[in-house]
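Below is one structure, written out as structure tokens; the observations come after it.
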Amino acid sequence: MVTGLGEIAEKLRRSTVVIQSGGRSSGSGVIRSSDGSIITNADVARSMQFKIQLSDRREFDAVPASRQTQRDLAPRSRDSVAG
């Protein structure tokens, strides 16, 4: 259980990811569940393949699971470790 503001901030920092497309940073997302599901804005999900960079700098390949432009959401699934 998270009790303090510092603990909440640290959990949020660790759950935020950088989404890279074509070698440039194109947006961010949030890890939604322990299976690697990530949620981001639909405008970040224009490409069919991405690199996801975690807060510890590890990178993973990812593909969009769906794109909901009406809600501006794009769930993603993490595929495999890059490199």
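See the values below:
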{"quantity": "Neighbourhood charge, 14 Å Cβ-Cβ cut-off, centred on Glu7 and excluding it, Lys, Arg +1 and Asp, Glu -1", "calculated": "+2"}
{"quantity": "Estimated FRET transfer efficiency (Gln68, Ser33; beta-carbon r; R0 22 Å; 0.05)", "calculated": "0.80"}
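Bear in mind these aren't lab numbers, they're just calculated from the coordinates by the rules spelled out. None of these values were measured; they are calculated from a predicted model. Using ideal geometry, Cβ is built from the backbone for each residue, glycine included, and neighbour counts are taken over all protein chains shown.
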